[in-house]
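The structure under discussion appears below in the form of structure tokens.
The values are calculated or read from the model by the stated rules, or taken from the named source; none is laboratory data. Computed from a prediction, not measured in an experiment: that's the story for all the values here. Counting neighbours? That spans all protein chains shown, and the Cβs are built from the backbone with ideal geometry, glycine included.
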Amino acid sequence: MSDRLPGFSTLAVHAGAQPDPTTGARATPIYQTTSFVFNDADHAASLFGLQAFGNIYTRIGNPTNAVLEERVAALEGGTAALAVASGHAAQVVVLQQLLQPGDEFIAARKLYGGSINQFTHAFKSFGWNVVWADTDDIASFERAVTPRTKAIFIESIANPGGSITDIEAVSTVARKAGVPLIVDNTLASPYLIRPIDHGADIVVHSLTKFLGGHGNSLGGIIVDAGTFDWSTGGKYPMLSEPRPEYHGIKLQETFGNFAFAIACRVLGLRDLGPALSPFNAFMILTGIETLPLRMQRHCDNAKAVAEFLAGHPAVASVSYAGLPSDKYHQLARKYAPKGAGAVFTFSLKGGYDAGVSLVSKLQLFSHLANVGDTRSLVIHPASTTHSQLDDAAKIKSGAGPDVVRLSIGIEDKEDLIADLEQALGA
Ligand SMILES: *Cc1c(COP(=O)(O)O)cnc(C)c1O
């Protein structure tokens, strides 16, 4: 064996996986079972008491899911990960470990529309209060910090406009405030940006998007960077205080730099229940094997399409950080030098009606609410994903009435451009 550390593409194919010890199966099998037989009563007791690691019941862990967890942890440079049923489930499980009723977290205003809804409405009933800040004004994060702030949440590449967040600047604010920085890395994937390298303490993904990559399976994942000290100031009792449901053990004291991932599993996933099906884990693992190839193609196609749109007379503006004229281009060069992602927006001179009309005329692009598929996708956020927001909030989140969002697939770029050309011209 050479002592070379494996590169990203090698990890994408191999991390976490071994040939199956009993059958020799080379692809990771789908362990489609709810439960696992104990060796004996002592073994069972030690598993339940967290004295030994092992499989109990698929709501808490599953061997197929474990390969996915190890692989994404390796790709992101974290200490451990926990796979869950969806990106939104990952967000709930993360915040459940950090917030008590009445606590606050600061979130970037430019976010996936579903996250804006989840934070604004669903979390209210848990007593978790979101305070919004603006990634274009890092001081707004500092101003939002109060003694009840428990976390900061941003996207690396932000939905829907594809803007690039200055992760290091926000991480400095989080450090000063003594709270963890959570980065939703869905639109970048670890191929483009590894937030932990820039100061993130926790990374979350919707695996549904680029990591799975084929528009066929929902999933989410939480990656623990292992960097945060949960014991300071009694701010994070789920991690620092004795847990009555596990004979009084303290998670940080027992599990050290992967205590957060353990908390998410044994306090979050076990009790809230959003487990990922092993079948979906298998589909997503298969997708991840080609992540570097797909992601580069997504980015190269997106840049070509953005350049075409920027030169089209019906287009008012293109918001793609891969274009040298874009406001986020310098940040893209720093954080995402291989490409600025494949999800971006543009606006039409014809406003709302032109946006609706374009969407109806496109043939190769699918009109639907998803991103990060092999297929190219289009949506008009103002009438769909962001329709619950008022006009001012729509504009602030990058989803004004004239804005169309594209998620560029891995087809031939010439075909994508031809489809846009006929739909814009006709
Ligand atoms: C889709 C998405 C989510 C939510 O993920 P689901 O798997 O649909 O629950 C969260 N964040 C971003 C950036 C997304 O694109």
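Of note:
- Answer residue from region 361-406, given it is closer than 30 Å to I288 by Cα, away from the ligand (no atom under 16 Å from the Cβ) and surrounded by fewer than 16 Cβ atoms within 10 Å (Cβ to Cβ) and is modelled with the highest pLDDT among those: Q363
- Selection from region 71-114 of residues that are within 12 Å of the ligand (Cβ to nearest atom) and modelled with pLDDT under 95: K110, L111, Y112, G113, G114
- Test result for A259, more than 23 Å from A177 (Cβ to Cβ) and touching a helix residue (DSSP H, G or I) at 6+ places or on another chain (Cβ under 7 Å): no
- Within region 136-160, the set of residues being within 16 Å of the ligand (Cβ to nearest atom) and either surrounded by fewer than 24 Cβ atoms within 10 Å (Cβ to Cβ) or of a type in the set (F, W, Y) (or both) comprises just one member, F153.
- H121 vs. criteria within 16 Å of the ligand (Cβ to nearest atom) and surrounded by fewer than 19 Cβ atoms within 10 Å (Cβ to Cβ): yes
- Within region 304-339, the set of residues being of a type in the set (D, E, K, R) and surrounded by fewer than 19 Cβ atoms within 10 Å (Cβ to Cβ) comprises E307, K327, R333, K334, K338.
- Restricting attention to region 78-106, the residues that are closer than 27 Å to N216 by Cβ and outside any helix (DSSP H, G or I) total 8.
- The listed residue being within 22 Å of D103 (Cα to Cα) and either within 16 Å of the ligand (Cβ to nearest atom) or crowded, with 18+ Cβ neighbours inside 10 Å (or both), out of S217, S277, S240: S240
- Verdict on E76 being more than 16 Å from the chain's Cα centre (by Cα) and either of a type in the set (D, E) or farther than 23 Å from E245 by Cα (or both): no
Residue-by-condition table, conditions (1) away from the ligand (no atom under 14 Å from the Cβ); (2) over 20 Å from Y112 (Cα atoms):
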site: E168; (1), (2): yes, yes
site: R175; (1), (2): yes, yes
site: G178; (1), (2): yes, yes
site: L181; (1), (2): yes, no
site: S189; (1), (2): no, no
site: H198; (1), (2): yes, yes
site: V203; (1), (2): no, no
site: T227; (1), (2): yes, yes
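- Taking (1) over 17 Å from A423 (Cβ atoms); (2) among the hydrophobic types (A, V, I, L, M, F, W, C); (3) assigned to a helix (DSSP H, G or I) in turn, L358 satisfies each apart from (1).
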